[in-house]
1. Considering segment 54-85 alone, what residues qualify as being under 14 Å from Tyr14 (Cβ atoms) and either without any contact (Cβ under 8 Å) to a residue 12 or more places away in the chain or of a type in the set (D, E, K, R) (or both)?
2. Condition test on Ala29, is it out of contact with any strand residue (DSSP E or B) (no Cβ under 8 Å at 6 or more places or on another chain) and exposed (fewer than 12 other Cβ atoms within 10 Å of the Cβ)?
3. Out of the residues in segment 75-103 meeting the condition of being assigned to a helix (DSSP H, G or I) and in contact with a helix residue (DSSP H, G or I) (Cβ under 6 Å, 6 or more places away or on another chain), tell me which one is nearest to Arg28 (Cα to Cα).
4. Out of the residues in segment 12-26 meeting the condition of being in contact with a His (Cβ under 9 Å, 6 or more places away or on another chain) and in contact (Cβ under 8 Å) with a residue 60 or more places away in the chain, tell me which one is surrounded by the most Cβ atoms within 10 Å (Cβ to Cβ).
5. For the subset of segment 8-37 comprising residues that are within 13 Å of the chain's Cα centre (by Cα), in a loop (DSSP other than H, G, I, E, B) and of a type in the set (A, V, I, L, M, F, W, C), which member is nearest to Ile70 (Cα to Cα)?
6. If we keep just the residues of segment 38-59 that are modelled with pLDDT under 95 and not in a helix (DSSP H, G or I), which is surrounded by the fewest Cβ atoms within 10 Å (Cβ to Cβ)?
7. Among the residues of segment 60-74, is any part of a loop (DSSP other than H, G, I, E, B), exposed (fewer than 15 other Cβ atoms within 10 Å of the Cβ) and at pLDDT below 95?
Amino acid sequence: MSVPKAPANTLRIYGFCWFRREDYDEARAAMADPEVLFDTFDEWLKAAKKIESDMAAQGHKVVRIRFDIISFMLYCATHDVPPIEQSRANWAAAELRRKVTAV
């Protein structure tokens with residue numbers, strides 16, 4: 001089954017898991033896939049800003065979703081998923097939807 005493509009002029013909004021410097025090491029250590037995260041916050045931040053820039057250049061909007069380890073781990077437990085990259089992306093998307101519907 002193929003997924004229909006969105007029209008070229010459709011704005012896509014993405015929730016992006018956004019770490020804070022003071023939480024990064026603890027968050028990275030809690031992940032089942034710490035190797036896919038950058039070793040340092042500064043490396044991660046540089047890459048994250050490039051992703052934001054690239055997405056904006058493609059006409060998309062990125063909404064920074066501040067990472068909260070308790071909320072994320074609760075999400076993983078309630079969805080029976082490991083704390084990995086795909087779960088972080090899904091959590092950020094769910095948080096974005098929650099924030100949008102709360103307005």
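The values are calculated or read from the model by the stated rules, or taken from the named source; none is laboratory data. Nothing here was measured: the structure is a model prediction, and the numbers come from that model. Positions of Cβ are generated from backbone atoms using ideal geometry, with glycine treated the same way; all protein chains shown enter the neighbour counts.
1. Asp54, Ala56, Ala57, Gln58, Lys61, Arg64
2. Here the answer is yes, as Ala29 does meet what is asked.
3. Here the residue is Glu85.
4. Tyr14
5. So the residue we want is Phe19.
6. Result: Gln58.
7. There is at least one residue in segment 60-74 that is part of a loop (DSSP other than H, G, I, E, B), exposed (fewer than 15 other Cβ atoms within 10 Å of the Cβ) and at pLDDT below 95.
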